[in-house]
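One structure is given here, and the rest of the page talks about it.
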Amino acid sequence: MKRRVLAILVMVAMVSVLFTACGNEKPTVSKNNYSVNQEFSMSSMLTIKGDKVSLEEEEEKYDTHKQNGFAYRIPEALLDIDGIDPYEYDEYQYEVDYIPEEMMVKYYKLIDGEYDEDEEDAIIDEIVASEIPVFGVFRYDDIADKTDMNAEFDLFKESFKEIEELASIGTDTFYFGCNREFEQDGLSDADRENLNLMISAFEEVKHSLCLFPPVSVDEDFKVDLTSFNCEDLNGNAVDASIFADYDVTMINCWTTWCGYCIEEMPELAVLKGKLPSNYNVITICFDAMEEGELAKSLLEQAGATSIMTLVANDEITTKVGEYIVGYPTTFFVDRTGKVIGSVKIGAPSEASVSDAYLELINKAYEDIK
(Lines give C-alpha, C1' and ligand atoms only; values in the text may rest on other atoms or scores of the structure.)
Protein backbone atom coordinates (compact mmCIF):
# COMPACT_ATOMS: atom_id res chain seq x y z
CA MET A 1 0.00 0.00 0.00
CA LYS A 2 1.21 3.52 -0.74
CA ARG A 3 2.62 5.61 2.07
CA ARG A 4 1.66 9.25 1.81
CA VAL A 5 3.27 12.06 3.74
CA LEU A 6 1.23 14.08 6.18
CA ALA A 7 -1.01 16.85 4.86
CA ILE A 8 -3.55 18.02 7.38
CA LEU A 9 -5.89 20.87 6.49
CA VAL A 10 -9.00 22.34 8.00
CA MET A 11 -11.80 22.88 5.53
CA VAL A 12 -11.46 26.65 5.72
CA ALA A 13 -7.87 26.41 4.52
CA MET A 14 -8.87 24.07 1.73
CA VAL A 15 -11.46 26.51 0.43
CA SER A 16 -8.79 29.16 -0.03
CA VAL A 17 -7.13 27.24 -2.87
CA LEU A 18 -10.18 26.22 -4.89
CA PHE A 19 -10.60 26.65 -8.62
CA THR A 20 -13.52 28.70 -9.88
CA ALA A 21 -14.58 26.45 -12.69
CA CYS A 22 -17.56 24.60 -14.03
CA GLY A 23 -19.00 22.64 -16.96
CA ASN A 24 -21.78 23.07 -19.48
CA GLU A 25 -25.45 22.23 -19.10
CA LYS A 26 -25.63 19.26 -21.51
CA PRO A 27 -25.88 16.15 -19.34
CA THR A 28 -25.76 12.50 -20.10
CA VAL A 29 -27.64 10.26 -17.71
CA SER A 30 -26.14 7.08 -16.28
CA LYS A 31 -28.04 3.96 -15.31
CA ASN A 32 -28.52 5.57 -11.89
CA ASN A 33 -30.21 8.57 -13.50
CA TYR A 34 -27.36 10.81 -12.40
CA SER A 35 -26.37 13.74 -14.62
CA VAL A 36 -22.84 14.49 -15.79
CA ASN A 37 -21.23 17.35 -17.72
CA GLN A 38 -19.70 16.57 -21.10
CA GLU A 39 -17.07 19.32 -20.92
CA PHE A 40 -15.54 21.76 -18.50
CA SER A 41 -16.30 25.48 -18.76
CA MET A 42 -16.45 28.58 -16.58
CA SER A 43 -20.16 29.25 -17.01
CA SER A 44 -22.36 26.64 -15.34
CA MET A 45 -22.52 23.05 -14.26
CA LEU A 46 -25.03 20.36 -13.37
CA THR A 47 -24.85 18.34 -10.18
CA ILE A 48 -25.52 14.62 -10.39
CA LYS A 49 -29.09 15.41 -9.30
CA GLY A 50 -29.50 17.77 -12.27
CA ASP A 51 -29.35 21.04 -10.31
CA LYS A 52 -27.63 24.00 -11.96
CA VAL A 53 -24.58 25.39 -10.17
CA SER A 54 -22.47 28.47 -10.89
CA LEU A 55 -19.06 27.94 -9.34
CA GLU A 56 -18.11 31.46 -10.38
CA GLU A 57 -20.73 32.75 -7.97
CA GLU A 58 -20.08 30.13 -5.28
CA GLU A 59 -16.34 29.62 -5.51
CA GLU A 60 -15.78 29.68 -1.74
CA LYS A 61 -18.34 26.94 -1.17
CA TYR A 62 -17.01 24.37 -3.63
CA ASP A 63 -13.98 22.12 -3.66
CA THR A 64 -13.06 21.57 -7.31
CA HIS A 65 -10.66 18.89 -8.57
CA LYS A 66 -10.13 19.54 -12.26
CA GLN A 67 -7.61 16.73 -12.75
CA ASN A 68 -9.94 14.24 -11.08
CA GLY A 69 -13.05 15.43 -12.92
CA PHE A 70 -15.31 16.41 -10.03
CA ALA A 71 -16.39 19.22 -7.71
CA TYR A 72 -18.54 19.18 -4.58
CA ARG A 73 -20.05 21.65 -2.15
CA ILE A 74 -18.33 21.72 1.24
CA PRO A 75 -21.07 21.34 3.88
CA GLU A 76 -21.15 24.27 6.30
CA ALA A 77 -21.39 21.81 9.19
CA LEU A 78 -17.83 20.67 8.45
CA LEU A 79 -16.14 24.06 8.27
CA ASP A 80 -15.44 24.32 11.99
CA ILE A 81 -14.21 20.75 12.49
CA ASP A 82 -10.51 20.56 13.24
CA GLY A 83 -8.67 17.51 12.01
CA ILE A 84 -10.30 17.13 8.61
CA ASP A 85 -7.67 15.92 6.15
CA PRO A 86 -8.68 16.04 2.46
CA TYR A 87 -6.10 14.75 -0.01
CA GLU A 88 -5.53 13.10 -3.37
CA TYR A 89 -3.36 10.04 -3.79
CA ASP A 90 -3.14 10.95 -7.47
CA GLU A 91 -5.49 12.01 -10.26
CA TYR A 92 -7.82 9.06 -9.55
CA GLN A 93 -8.46 8.80 -5.82
CA TYR A 94 -9.65 11.58 -3.49
CA GLU A 95 -10.33 10.95 0.16
CA VAL A 96 -11.42 12.92 3.23
CA ASP A 97 -10.09 11.54 6.51
CA TYR A 98 -10.56 12.57 10.13
CA ILE A 99 -7.68 12.84 12.60
CA PRO A 100 -8.70 12.32 16.25
CA GLU A 101 -8.16 15.33 18.54
CA GLU A 102 -5.41 13.58 20.50
CA MET A 103 -3.39 13.24 17.31
CA MET A 104 -4.14 16.83 16.29
CA VAL A 105 -2.42 17.98 19.48
CA LYS A 106 0.69 16.11 18.34
CA TYR A 107 0.34 17.56 14.84
CA TYR A 108 0.38 21.14 16.11
CA LYS A 109 3.39 20.36 18.29
CA LEU A 110 5.07 18.97 15.17
CA ILE A 111 4.33 22.15 13.23
CA ASP A 112 5.64 24.25 16.13
CA GLY A 113 8.91 22.32 16.10
CA GLU A 114 8.51 20.78 19.55
CA TYR A 115 9.87 17.38 18.46
CA ASP A 116 13.47 16.70 17.53
CA GLU A 117 14.39 15.23 14.14
CA ASP A 118 14.61 11.67 15.48
CA GLU A 119 11.02 11.89 16.76
CA GLU A 120 9.40 13.60 13.76
CA ASP A 121 9.09 10.59 11.43
CA ALA A 122 7.64 8.43 14.21
CA ILE A 123 5.11 11.15 15.10
CA ILE A 124 4.09 11.56 11.45
CA ASP A 125 3.62 7.80 11.10
CA GLU A 126 1.53 7.75 14.28
CA ILE A 127 -0.72 10.58 13.09
CA VAL A 128 -1.19 9.07 9.62
CA ALA A 129 -1.98 5.66 11.14
CA SER A 130 -4.69 7.27 13.29
CA GLU A 131 -6.56 8.78 10.34
CA ILE A 132 -10.12 7.56 9.80
CA PRO A 133 -11.40 7.44 6.18
CA VAL A 134 -14.81 9.14 6.05
CA PHE A 135 -15.76 9.72 2.40
CA GLY A 136 -14.14 9.90 -1.01
CA VAL A 137 -14.46 9.88 -4.80
CA PHE A 138 -12.73 7.56 -7.25
CA ARG A 139 -12.36 7.93 -11.02
CA TYR A 140 -11.76 4.62 -12.79
CA ASP A 141 -10.09 5.22 -16.16
CA ASP A 142 -10.86 2.28 -18.45
CA ILE A 143 -8.00 3.03 -20.84
CA ALA A 144 -5.32 3.27 -18.13
CA ASP A 145 -3.08 0.33 -17.32
CA LYS A 146 -5.48 -2.23 -15.85
CA THR A 147 -3.01 -3.61 -13.32
CA ASP A 148 -2.30 -0.17 -11.90
CA MET A 149 -5.92 0.96 -12.13
CA ASN A 150 -7.24 -2.11 -10.32
CA ALA A 151 -4.58 -1.70 -7.63
CA GLU A 152 -5.67 1.91 -7.16
CA PHE A 153 -9.32 0.89 -6.95
CA ASP A 154 -8.49 -1.86 -4.44
CA LEU A 155 -7.01 0.82 -2.17
CA PHE A 156 -10.24 2.79 -2.43
CA LYS A 157 -12.30 -0.30 -1.61
CA GLU A 158 -10.09 -0.99 1.40
CA SER A 159 -10.89 2.48 2.73
CA PHE A 160 -14.69 2.43 2.38
CA LYS A 161 -17.36 -0.08 3.34
CA GLU A 162 -20.03 1.56 1.15
CA ILE A 163 -19.22 2.29 -2.50
CA GLU A 164 -21.74 3.50 -5.08
CA GLU A 165 -21.13 3.69 -8.82
CA LEU A 166 -22.34 7.14 -9.83
CA ALA A 167 -21.93 7.69 -13.56
CA SER A 168 -19.65 7.34 -16.58
CA ILE A 169 -18.21 9.91 -18.97
CA GLY A 170 -16.36 8.41 -21.91
CA THR A 171 -13.81 5.97 -20.48
CA ASP A 172 -14.16 7.29 -16.92
CA THR A 173 -16.48 5.82 -14.27
CA PHE A 174 -16.98 7.70 -10.99
CA TYR A 175 -17.60 6.15 -7.57
CA PHE A 176 -18.57 7.62 -4.19
CA GLY A 177 -17.35 5.85 -1.06
CA CYS A 178 -18.16 6.39 2.62
CA ASN A 179 -18.08 4.83 6.08
CA ARG A 180 -20.99 5.16 8.50
CA GLU A 181 -19.56 3.12 11.37
CA PHE A 182 -16.20 3.50 13.11
CA GLU A 183 -14.17 1.71 15.75
CA GLN A 184 -15.01 3.58 18.96
CA ASP A 185 -11.96 2.60 21.05
CA GLY A 186 -9.73 5.56 21.74
CA LEU A 187 -12.18 8.16 20.44
CA SER A 188 -13.19 11.08 22.64
CA ASP A 189 -16.72 12.44 22.89
CA ALA A 190 -15.64 15.32 20.64
CA ASP A 191 -14.30 12.84 18.06
CA ARG A 192 -17.59 10.94 18.02
CA GLU A 193 -19.53 14.18 17.62
CA ASN A 194 -17.31 15.30 14.73
CA LEU A 195 -17.61 11.94 12.97
CA ASN A 196 -21.39 11.98 13.36
CA LEU A 197 -21.46 15.45 11.80
CA MET A 198 -19.41 14.19 8.87
CA ILE A 199 -21.68 11.18 8.41
CA SER A 200 -24.75 13.45 8.42
CA ALA A 201 -23.20 15.41 5.54
CA PHE A 202 -22.76 12.41 3.19
CA GLU A 203 -25.94 12.92 1.18
CA GLU A 204 -25.29 16.66 0.86
CA VAL A 205 -21.79 15.98 -0.43
CA LYS A 206 -22.88 13.27 -2.86
CA HIS A 207 -25.85 15.15 -4.30
CA SER A 208 -23.76 18.29 -4.79
CA LEU A 209 -21.19 16.42 -6.90
CA CYS A 210 -20.53 17.78 -10.38
CA LEU A 211 -18.84 15.28 -12.69
CA PHE A 212 -16.94 16.22 -15.85
CA PRO A 213 -14.06 15.01 -18.07
CA PRO A 214 -10.77 15.61 -16.24
CA VAL A 215 -8.63 18.56 -17.31
CA SER A 216 -4.86 18.01 -17.42
CA VAL A 217 -2.71 20.03 -15.03
CA ASP A 218 -0.48 21.36 -17.80
CA GLU A 219 -3.45 22.42 -19.92
CA ASP A 220 -4.89 24.50 -17.10
CA PHE A 221 -1.67 25.99 -15.71
CA LYS A 222 -1.34 29.46 -17.26
CA VAL A 223 1.36 30.94 -15.02
CA ASP A 224 3.62 33.60 -16.56
CA LEU A 225 6.60 34.89 -14.56
CA THR A 226 8.39 36.69 -17.39
CA SER A 227 7.67 39.90 -15.47
CA PHE A 228 7.03 40.34 -11.73
CA ASN A 229 8.24 42.12 -8.61
CA CYS A 230 8.23 40.85 -5.02
CA GLU A 231 10.55 40.33 -2.05
CA ASP A 232 12.26 37.29 -0.61
CA LEU A 233 11.99 36.27 3.06
CA ASN A 234 14.94 38.52 3.89
CA GLY A 235 13.28 41.60 2.41
CA ASN A 236 15.38 41.75 -0.76
CA ALA A 237 13.72 42.95 -3.98
CA VAL A 238 13.26 40.17 -6.56
CA ASP A 239 12.21 40.20 -10.21
CA ALA A 240 12.38 37.91 -13.25
CA SER A 241 16.13 38.49 -13.59
CA ILE A 242 16.68 35.71 -11.01
CA PHE A 243 16.05 33.20 -13.79
CA ALA A 244 18.53 34.60 -16.31
CA ASP A 245 21.58 32.60 -15.20
CA TYR A 246 19.88 29.18 -15.33
CA ASP A 247 18.51 27.04 -18.13
CA VAL A 248 15.86 25.68 -15.75
CA THR A 249 14.62 26.98 -12.41
CA MET A 250 12.39 24.73 -10.34
CA ILE A 251 9.78 26.66 -8.33
CA ASN A 252 8.23 24.91 -5.33
CA CYS A 253 5.05 26.51 -3.93
CA TRP A 254 4.19 25.89 -0.28
CA THR A 255 2.54 27.18 2.89
CA THR A 256 3.46 26.91 6.55
CA TRP A 257 0.31 24.86 7.29
CA CYS A 258 0.99 22.23 4.61
CA GLY A 259 2.26 18.96 6.05
CA TYR A 260 3.38 17.66 2.65
CA CYS A 261 5.44 20.82 2.13
CA ILE A 262 7.19 20.66 5.46
CA GLU A 263 7.90 16.95 5.12
CA GLU A 264 9.64 17.32 1.75
CA MET A 265 11.65 20.43 2.66
CA PRO A 266 14.86 18.62 3.70
CA GLU A 267 14.79 16.84 0.33
CA LEU A 268 14.71 20.22 -1.43
CA ALA A 269 17.94 21.07 0.36
CA VAL A 270 19.41 17.76 -0.82
CA LEU A 271 18.23 18.54 -4.35
CA LYS A 272 19.96 21.95 -4.22
CA GLY A 273 23.26 20.19 -3.59
CA LYS A 274 22.74 17.82 -6.54
CA LEU A 275 21.99 20.47 -9.15
CA PRO A 276 24.47 21.24 -11.94
CA SER A 277 25.37 24.90 -12.48
CA ASN A 278 22.69 25.47 -15.14
CA TYR A 279 19.82 24.47 -12.82
CA ASN A 280 18.37 26.26 -9.78
CA VAL A 281 15.58 25.74 -7.24
CA ILE A 282 13.60 28.43 -5.39
CA THR A 283 10.38 28.35 -3.40
CA ILE A 284 7.37 30.61 -2.97
CA CYS A 285 5.67 30.67 0.42
CA PHE A 286 2.03 31.66 -0.02
CA ASP A 287 1.34 32.67 3.57
CA ALA A 288 4.70 34.31 4.28
CA MET A 289 3.07 37.76 4.37
CA GLU A 290 1.43 36.67 7.63
CA GLU A 291 3.79 33.89 8.75
CA GLY A 292 7.22 35.10 7.67
CA GLU A 293 9.01 34.18 10.90
CA LEU A 294 7.42 30.74 10.97
CA ALA A 295 8.46 30.21 7.34
CA LYS A 296 12.05 31.13 8.22
CA SER A 297 11.98 28.76 11.18
CA LEU A 298 10.69 25.87 9.09
CA LEU A 299 13.35 26.41 6.44
CA GLU A 300 16.02 26.52 9.13
CA GLN A 301 14.77 23.28 10.71
CA ALA A 302 14.85 21.63 7.29
CA GLY A 303 18.36 22.84 6.51
CA ALA A 304 16.99 24.64 3.47
CA THR A 305 18.01 28.24 4.17
CA SER A 306 20.29 28.23 1.11
CA ILE A 307 17.20 28.11 -1.11
CA MET A 308 15.74 31.49 -2.05
CA THR A 309 12.16 31.79 -0.82
CA LEU A 310 9.85 34.42 -2.29
CA VAL A 311 7.04 36.05 -0.34
CA ALA A 312 3.77 35.79 -2.27
CA ASN A 313 2.50 39.37 -2.61
CA ASP A 314 -0.66 40.33 -4.51
CA GLU A 315 1.07 40.10 -7.88
CA ILE A 316 2.48 36.61 -7.23
CA THR A 317 -0.86 35.48 -5.83
CA THR A 318 -2.57 36.64 -9.03
CA LYS A 319 0.04 35.30 -11.47
CA VAL A 320 0.71 32.00 -9.70
CA GLY A 321 -1.60 31.37 -6.76
CA GLU A 322 -4.80 31.43 -8.80
CA TYR A 323 -3.62 28.32 -10.68
CA ILE A 324 -2.66 26.26 -7.64
CA VAL A 325 -5.13 23.61 -6.50
CA GLY A 326 -3.06 22.11 -3.72
CA TYR A 327 0.28 22.34 -1.93
CA PRO A 328 3.02 21.66 -2.65
CA THR A 329 2.83 22.52 -6.35
CA THR A 330 6.08 22.52 -8.32
CA PHE A 331 6.71 23.89 -11.81
CA PHE A 332 9.66 24.89 -13.97
CA VAL A 333 10.65 28.00 -15.93
CA ASP A 334 13.33 28.88 -18.46
CA ARG A 335 15.76 31.82 -18.40
CA THR A 336 12.95 34.25 -19.19
CA GLY A 337 10.45 32.98 -16.61
CA LYS A 338 8.33 31.10 -19.15
CA VAL A 339 6.83 27.85 -17.84
CA ILE A 340 8.32 24.68 -19.35
CA GLY A 341 7.98 20.97 -18.62
CA SER A 342 5.17 19.52 -16.54
CA VAL A 343 3.50 20.73 -13.37
CA LYS A 344 3.79 18.49 -10.30
CA ILE A 345 1.03 18.66 -7.69
CA GLY A 346 1.94 17.11 -4.36
CA ALA A 347 5.22 15.67 -3.17
CA PRO A 348 6.78 12.84 -5.19
CA SER A 349 6.00 9.38 -3.80
CA GLU A 350 9.36 7.91 -4.84
CA ALA A 351 11.84 6.81 -2.17
CA SER A 352 14.17 9.66 -3.14
CA VAL A 353 12.19 12.89 -3.47
CA SER A 354 15.30 14.81 -4.58
CA ASP A 355 16.00 12.34 -7.39
CA ALA A 356 12.37 12.49 -8.52
CA TYR A 357 12.52 16.28 -8.75
CA LEU A 358 15.86 16.14 -10.56
CA GLU A 359 14.31 13.85 -13.16
CA LEU A 360 11.48 16.37 -13.67
CA ILE A 361 14.02 19.18 -14.08
CA ASN A 362 15.89 17.15 -16.70
CA LYS A 363 12.64 16.54 -18.58
CA ALA A 364 11.86 20.26 -18.52
CA TYR A 365 15.32 20.96 -19.92
CA GLU A 366 14.59 18.61 -22.82
CA ASP A 367 11.76 20.99 -23.80
CA ILE A 368 14.19 23.79 -24.54
CA LYS A 369 17.26 21.95 -25.89
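The values are calculated or read from the model by the stated rules, or taken from the named source; none is laboratory data. Since we're looking at a predicted model, the values are computed, not measured. Glycine also receives a Cβ, built like all others from the backbone with ideal geometry; neighbour counts cover every protein chain displayed. SASA here: full protein model, heavy atoms, side chains in, ligands and nucleic acids out. Shrake-Rupley method; radii C 1.70, N 1.55, O 1.52, S 1.80 Å.
Results, tabulated for the structure shown:
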item	result
Any helices (runs of 4 or more DSSP H) falling wholly within the stretch 122-219 and containing at least 1 residues that are within 30 Å of Phe332 (Cβ to Cβ)	146-159
Failed condition for Ser200, given (1) surrounded by 15 or more Cβ atoms within 10 Å (Cβ to Cβ); (2) of a type outside the set (Lys, Arg); (3) more than 24 Å from the chain's Cα centre (by Cα)	(1)
Selection within the stretch 134-164 - without any contact (Cβ under 8 Å) to a residue 60 or more places away in the chain and among the polar types (S, T, N, Q)	Thr147, Asn150
Qualifying residue in the stretch 308-323 (condition: surrounded by 21 or more Cβ atoms within 10 Å (Cβ to Cβ) and closer than 18 Å to Gln67 by Cβ)	yes
Verdict on Leu294 being open to solvent by less than 60 Å² (accessible area, probe 1.4 Å), touching a helix residue (DSSP H, G or I) at 6+ places or on another chain (Cβ under 9 Å) and over 24 Å from Glu315 (Cβ atoms)	no
Ala167 vs. criteria without any contact (Cβ under 8 Å) to a residue 24 or more places away in the chain and among the aliphatic types (A, V, I, L, M)	no
Enumeration of residues in the stretch 42-55 that are assigned to a loop (DSSP other than H, G, I, E, B) and under 23 Å from the mean Cα position of the chain (by Cα)	Met42, Thr47, Ser54, Leu55
